[in-house]
Amino acid sequence: MNNEMDYELELEKDVLLTKGFIKVKQGNFDMCLISLRAEELIKYSAVHYYKNIKGNEGYQRQLVTNHYRRIAKYIESEDAPILPPAILAATEPEFMSINSNEITIRKVIRIVDGQHRIQGLRYLKENNPGEYKKIENYEFPVILMIINKGQKIHEVNTFVNINSKGKKVSTDLAILLRDRIREEEFNEKIKYLSDKEFEEAIATKIAKKLTQSKESIWYDLIKMAGGEDDKGKPISINAFNQSLNELIKFYIQASAAERTKGFIDTIVSELTPLLSSAWDIAVLKWSECFFVNKPNKHNKLFNIQKGIGVYPIHQLLGECLLLSDSDTDRALLEFKKIIKKSKVEYTEWKIGGILSSYNSKAGFKIIASYIKNEIDLYNQNIGE
């Protein structure tokens, strides 16, 4: 069963559900506390999944099968199971009405937190109807956020904040959602970012451009949200972003850029071609590490497109940028000289090869020095 599509197809479904409620207000946001039975949760809720395509407004991570099956198994094994606390959901004002002490809901509610509990109920119903019978009338407290259509970013923000504590949303998905939030807030209320947000915004946009460009060695090779589509890709957007930290800082310091949206776009337009060209140089040097004539150029026998290769290569490019006062043309020439003179053989990038032993931040610096011919990994005790 394709759980994601089952949920997605339900998003626009019209319903008619009337419930008693308690009104709650936090700041500028209204919420209603209602009670839904297990069967009502299954029938009247849907999930908006994140998809890395333009125009998609979803934000939920994909379901983890083991997670919702554990919930179903717990219900099966207990005589009187007690299930976790409130479900958090959202709807829009036009899809509901309030009359005295009752709320009428006219479209399925979007689940913000609790999708695995609901899927566990659904899984139990489909696979063990007898056991499901004992909890189908269980009541679940549901906190229903009333979100105006133009404020959906606050719904996304709530999801990120909840899942940044304890159980944790995928770091990669959180990065992409923060990027969306920044875009919305630039349009809505803010003009300037903090240094950290500014640097992350630049790194995220560079990573997106590289993985979306068919001309790039990175085409479709950076993990974006930790879902099924990311299987087999060599590096996450989180790791790729972190590998760019120093390079971006050097460039920002030299350019004295203001932390505004306009400067983000300018810096991305200058650094993306630099990185793309630098990797073209690496491909020429160690061509055997890549499938240069295939759409997917990642060769799984080698580490060069994993952290072991990405961090030191970006470190070297950042150093060239610093020495060139952020002149990207001069930096690329310096980088090309380093790579051309390097004595590192393509075989050393193999998984299990000598460079595999240096898979740490300290190790990445050693690899960078090795690429520059400053040390000999075969005849030197690096720890001394």
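The numbers here are math on the coordinates, done by the rules we state, and not lab data. The structure presented is a predicted model; accordingly, all values stated were derived computationally and were not measured. We place every Cβ from the backbone using ideal geometry, glycine too, and count neighbours over all the protein chains shown.
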Query raised in the report: Which one of Ile82, Ala207, Trp218 has its Cα pushed farthest toward the positive end of the charge dipole of the chain, where Lys and Arg give +1 and Asp and Glu give -1 at the Cβ?
Result: Trp218
Query - Protection proxy ranking of 135-148, 96-109 - average other beta-carbon atoms within 10 Å, highest first - result: 135-148, 96-109
Report summary line: Computed for the chain: size of charge dipole around the Cα centre, +1 on C-beta of each Lys and Arg, -1 on C-beta of each Asp and Glu, debye to nearest 20, value 400
Query raised in the report: Pairing the Cα long axis of helix 152-163 with the longest principal axis of the chain, what angle in degrees results, from 0 to 90 and rounded to the nearest 10?
Result: 80
Query raised in the report: Rounded to the nearest 500, what is the chain's calculated 222 nm mean residue ellipticity when only DSSP H runs of at least 4 contribute -39500 (n - 2.57) each, over all residues?
Result: -14500 deg cm²/dmol
Report task. Report the FRET efficiency, 1/(1 + (r/R0)^6), for Glu126 and Glu78, where r is their Cβ-Cβ distance and R0 is 22 Å, rounded to 0.05. Result -> 0.70
Report task. Round to the nearest 10 and give me the degree value, 0 to 90, for the angle of helix 361-371's Cα axis relative to the longest principal axis of the chain. Result -> 30
Query raised in the report: Which of the lysines could a cross-linker bridge to Lys107, judged by Cα under 21 Å and excluding same-chain residues fewer than eight apart?
Result: Lys13, Lys19, Lys23, Lys43, Lys149, Lys152
Query - Ranked by how many other beta carbons lie within 10 Å on average, peptides 17-26, 366-375 from highest - result: 366-375, 17-26
Query - Nearest 10 degrees, 0 to 90: helix 65-77 Cα axis against the chain principal axis - result: 40
**Report entry** Cβ-based charge dipole, the chain, positive-most Cα from Leu11, Tyr132, Ile147
**Finding:** Tyr132
Report summary line: Counting only DSSP beta bridges fully inside the chain, the antiparallel percentage to nearest 5 is 75
Query - Given charges at beta-carbon only (K, R positive; D, E negative), |dipole| of segment 12-99 in Debye - result: 280
Requested in this report: Would you mind putting 113-122, 352-361 in packing order, based on average other-beta-carbon counts within 10 Å, highest first?
Outcome: 113-122, 352-361
Query raised in the report: What's the center-to-center distance, using Cα atoms, between segment 59-112 and segment 292-353 in Å?
Result: 48
Query raised in the report: Using +1 on the beta carbon of Lys and Arg, -1 on that of Asp and Glu, and nothing else charged, what's the dipole of segment 289-342 about the Cα centre, debye to 20?
Result: 460
Query raised in the report: With θ set to phi - 60° and the Karplus curve 6.51 cos²θ - 1.76 cosθ + 1.60, what are the ³J(HN,Hα) couplings of segment 28-36 in order, to the nearest whole Hz, using x for Gly and Pro?
Result: 9, 10, 9, 9, 10, 8, 10, 10, 10
Query - segment 3-169: C-alpha gyration tensor shape, a/c 1.5 cut-off, then a/b vs b/c - result: oblate
